[in-house]
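Novice: Let me give you the structure first, and then I'll get to my questions.
The values are calculated or read from the model by the stated rules, or taken from the named source; none is laboratory data. Values in this document were obtained by computation on a predicted structure and should not be read as measured data. When we count neighbours, we look across all protein chains shown, and the Cβ atoms used for this are built from the backbone with ideal geometry, even at glycine. SASA here: full protein model, heavy atoms, side chains in, ligands and nucleic acids out. Shrake-Rupley method; radii C 1.70, N 1.55, O 1.52, S 1.80 Å.
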Amino acid sequence: MAMSPKRAMSGIYSRYKRMSAGYDLPLPSPADPRAHQLLGSAWFSRRYAKRYAAVFALLLLCTFLRFWVPREVEREPLRGLVLDDALPPLYEEYHEEELQLPQHDPELPFPEGREGRYVNIANHIYGLGWGNALQEVLLDSYLAYRAGRAYVFDNYTWSRDMDPPPYSEYNGKLIPSRVPLRAMITGPTAGGPYPDGDRAPRSVGVDYFREVCKHPQIISSEEINADLGREPTAKMVLNKWVETLNAIENRCVEVDRFSEQVFGYWTFGSAQRLLDIWPEYSKSPIIQNFRWSPLVQDAFDVNYRLFTSPSTLGSFFSPFRASKVKTDPYTPIQGLLVLHVRRGDYEDHCNHLANWSARYSGFNDFPEFVDKFTPPPGGGAGNTTAENRAIYIRHCFPSIEQIVKRIEEIRKSKAGKGLKNVYVMTNGARPWVADLKEALKKTGHWSKVATSRDLQLTPEQKYISQAIDMLIGHRAQVIIGNGFSSMTSNIVMLRMARQDLNPDSNRFW
């Protein structure tokens with residue numbers, strides 16, 4: 001009988017707790033299919049006179065593994081979950097790199113070191129997609145920057161128990177419970193340097209914060225936001241928090257991890273509430289010095305040829321040169337159209353949006369954009385009409401036919417001039433993705449058609465593939481995104497912070 005994911009996770013946690021080496025991975029058990037492959041290979045590769053000796057040696061090996069490999073590192077407790085050849089990576093070297101950041105030194109002079117001023121926004125979201133996490137961590141770090149305190153960054157977190165296991169279960173598969181932030185981004189938010197002349201204290205990891213801040217002052221976001229009314233704008237929230245933090249004498253402040261987010265879901269979801277902060281936020285080092293991590297950049301470099309058509313020898317080296325450029329590594333790739341196409345259970349989310357007459361997310365609704373979305377009348381309060389639902393599905397969960405038609409419209413626009421390669425950011429099932437690729441190729445307009453499913457990734461890159469997709473979208477000549485998606489929203493936000501991209505290059509379904 002197959003073990004449930006919940007019970008399997010319990011087994012993993014128990015095994016994890018017993019391992020003396022911390023993050024050691026399990027050894028293959030004799031039941032592993034690879035053991036049988038090894039047996040077959042040995043039997044048929046020996047001359048007749050040596051066969052029995054080989055089989056005898058393998059039997060001894062299997063006997064040794066069966067009785068001497070500790071029970072807690074066998075694979076049997078994972079039965080019932082879908083696994084690849086190995087367990088997901090745990091990013092130990094990236095955790096170690098974060099611990100070794102130069103600002104993690106108590107002897108540094110003010111505004112860093114043991115006399116520095118810090119704010120740990122411990123109530124950050126968890127268990128949600130990377131798009132939701134990124135938009136929050138960037139704005140939280142900007143708040144710390146404005147308050148003159150070092151921002152305390154944490155892992156991208158899926159499970160936030162007090163004593164979590166190293167893996168979480170998602171859709172019947174194991175994923176890392178925590179991914180170091182610096183495996184996905186660098187820049188000031190994740191402990192990178194500020195520009196020359198900016199004396200702001202550098203961001204630090206949460207472990208270092210615990211070392212230099214034994215007794216932080218705990219504050220509640222509900223209490224601070226209580227005076228701001230029902231629908232405060234992002235700038236109102238920012239100013240209130242900067243005022244509050246500046247008035248606190250304690251050099252160490254922590255936001256109660258069980259209180260509401262500083263900038264909540266409704267703030268990011270509304271252009272009317274979010275965009276008043278944009279003029280100052282977009283010019284800050286948090287955005288202007290934002291960088292994707294070397295791990296993400298390496299994946300981009302390796303897969304560069306999938307979605308580009310270099311015409312000269314010099315352009316062959318362009319992705320590798322780009323990764324070395326410190327001033328601007330994210331110049332647009334001419335000819336590249338990037339699509340963001342959500343599938344899976346996102347259709348349910350789109351129907352939910354229709355029931356409540358939702359608008360595009362905040363950064364997907366800049367006034368400069370060509371594509372606007374006004375909720376049709378006749379919906380809201382948890383229900384809508386069939387006609388309205390069809391409108392939402394076309395913008396949120398388009399069919400292959402609708403995707404091809406929309407691309408043709410944008411290809412004929414001024415911003416779409418010269419487009420020749422397509423890359424599709426998608427979580428779609430492989431058969432559906434294959435059908436989409438075939439439909440795009442049949443138009444005869446594209447030199448290359450590639451998708452997220454085509455990327456060649458290391459195990460570490462596989463579990464941060466959303467960030468890799470976002471980098472590709474970041475560098476597109478034109479992107480057609482999902483206006484209701486935080487993933488699209490982050491890409492569009494980073495593109496709007498550039499001076500060399502026309503707003504018309506950001507389009508929606």
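Novice: Go through 182, 114, 149 for me and flag whichever is in contact with a strand residue (DSSP E or B) (Cβ under 9 Å, 6 or more places away or on another chain), closer than 23 Å to residue 251 by Cα and at pLDDT 95 or above.
Specialist: Sole residue among the options that is in contact with a strand residue (DSSP E or B) (Cβ under 9 Å, 6 or more places away or on another chain), closer than 23 Å to residue 251 by Cα and at pLDDT 95 or above: 149.
Novice: For region 397-439, name all the residues that are surrounded by 14 or more Cβ atoms within 10 Å (Cβ to Cβ), small (Gly, Ala, Ser) and over 26 Å from the mean Cα position of the chain (by Cα).
Specialist: The answer is 413, 415, 416, 439.
Novice: Anything in region 159-187 that is in contact with a Lys or Arg (Cβ under 7 Å, 6 or more places away or on another chain) and not in a loop (DSSP other than H, G, I, E, B)? List them, or say none.
Specialist: 185, 186
Novice: Return the pair list, or none, for Cβ contacts closer than 9 Å from residues in region 464-485 that are on the phi > 0 side of the Ramachandran plot to residues that are open to solvent by 10 Å² or more (accessible area, probe 1.4 Å), at least 6 apart or on different chains.
Specialist: Once the first residue is on the phi > 0 side of the Ramachandran plot and sits in region 464-485, no partner that is open to solvent by 10 Å² or more (accessible area, probe 1.4 Å) comes close enough.
Novice: If the requirement is being out of contact with any strand residue (DSSP E or B) (no Cβ under 6 Å at 6 or more places or on another chain) and either among the basic types (Lys, Arg) or without any contact (Cβ under 8 Å) to a residue 40 or more places away in the chain (or both), which of these qualifies: 273, 291?
Specialist: 273
Novice: Follow-up question, since we're still on this one. Can you tell me which residue within region 238-271, out of those that are among the acidic types (Asp, Glu) and not in a helix (DSSP H, G or I), is farthest from residue 117 (Cα to Cα)?
Specialist: 260
Novice: A follow-up question, please. If only one of 135, 103 is of a type in the set (S, T, N, Q) and either free of Cβ contacts under 8 Å to residues at least 24 places away in the same chain or farther than 29 Å from residue 222 by Cβ (or both), which one is it?
Specialist: On inspection, the qualifying residue turns out to be 103.
Novice: Among the numbered conditions (1) touching a residue at least 24 places away in the same chain (Cβ under 8 Å); (2) open to solvent by 30 Å² or more (accessible area, probe 1.4 Å), tell me where residue 380 comes up short.
Specialist: (2)
Novice: In region 198-237, which residues are open to solvent by less than 80 Å² (accessible area, probe 1.4 Å), at pLDDT below 95 and part of a loop (DSSP other than H, G, I, E, B)?
Specialist: 229
Novice: If you don't mind, there's one more thing I want to ask. Would you check if residue 264 is closer than 29 Å to residue 369 by Cα, open to solvent by less than 40 Å² (accessible area, probe 1.4 Å) and modelled with pLDDT under 95?
Specialist: For residue 264, the condition - closer than 29 Å to residue 369 by Cα, open to solvent by less than 40 Å² (accessible area, probe 1.4 Å) and modelled with pLDDT under 95 - is met.
Novice: Scan region 352-377 for residues that are outside any loop (DSSP other than H, G, I, E, B) and in contact (Cβ under 8 Å) with a residue 12 or more places away in the chain and jot them down.
Specialist: 353, 354, 355, 362, 363, 364
Novice: Within the bounds of region 460-476, is there any residue that is surrounded by fewer than 16 Cβ atoms within 10 Å (Cβ to Cβ) and among the acidic types (Asp, Glu)?
Specialist: Looking for residues that are surrounded by fewer than 16 Cβ atoms within 10 Å (Cβ to Cβ) and among the acidic types (Asp, Glu), one finds none in region 460-476, hence no.
Novice: Same structure, new question: Hey, does region 481-500 have a residue that's open to solvent by 10 Å² or more (accessible area, probe 1.4 Å), modelled with pLDDT of 95 or more and over 24 Å from residue 265 (Cα atoms)?
Specialist: Looking through region 481-500, none of the residues is open to solvent by 10 Å² or more (accessible area, probe 1.4 Å), modelled with pLDDT of 95 or more and over 24 Å from residue 265 (Cα atoms).
Novice: Taking only region 447-459 into account, find how many residues are in a loop (DSSP other than H, G, I, E, B) and either free of Cβ contacts under 8 Å to residues at least 24 places away in the same chain or open to solvent by less than 30 Å² (accessible area, probe 1.4 Å) (or both).
Specialist: Counting residues in region 447-459 that are in a loop (DSSP other than H, G, I, E, B) and either free of Cβ contacts under 8 Å to residues at least 24 places away in the same chain or open to solvent by less than 30 Å² (accessible area, probe 1.4 Å) (or both) gives 1.
Novice: Go through region 340-393 and give me each residue that's of a type in the set (A, V, I, L, M) and under 20 Å from residue 132 (Cβ atoms).
Specialist: Across region 340-393, the qualifying residues are 341, 353, 358.
Novice: I would also like to ask the following. Considering only region 130-145, state which residues are open to solvent by less than 30 Å² (accessible area, probe 1.4 Å) and either of a type in the set (Ser, Thr, Tyr) or more than 25 Å from residue 224 (Cα to Cα) (or both).
Specialist: Within region 130-145, 130, 131, 141, 142 meet the criteria.
Novice: Let me ask something additional. Which of the residues spanning region 113-129 are farther than 24 Å from residue 158 by Cα and open to solvent by less than 30 Å² (accessible area, probe 1.4 Å)?
Specialist: 113, 116, 118
Novice: Hey, among 259, 282, 270, which residue is under 28 Å from the mean Cα position of the chain (by Cα), among the small types (Gly, Ala, Ser) and under 17 Å from residue 123 (Cβ atoms)?
Specialist: 259
Novice: Going by what's in this entry, would residue 386 be described as hydrophobic (A, V, I, L, M, F, W, C) and in contact (Cβ under 8 Å) with a residue 12 or more places away in the chain?
Specialist: Against the criterion (hydrophobic (A, V, I, L, M, F, W, C) and in contact (Cβ under 8 Å) with a residue 12 or more places away in the chain), residue 386 does not qualify.
Novice: Continuing with this model, one more query. When you scan region 146-163, how many residues do you find that are within 20 Å of the chain's Cα centre (by Cα) and open to solvent by less than 20 Å² (accessible area, probe 1.4 Å)?
Specialist: 4
Novice: Name every residue in region 171-197 that is of a type in the set (Val, Ile, Thr) and open to solvent by less than 10 Å² (accessible area, probe 1.4 Å), in order of residue number.
Specialist: Correct list: 179, 185, 189.
Novice: Further question: Could you figure out which of (1) modelled with pLDDT of 95 or more; (2) open to solvent by less than 10 Å² (accessible area, probe 1.4 Å) isn't true of residue 168?
Specialist: Here residue 168 meets the rest and fails (1).
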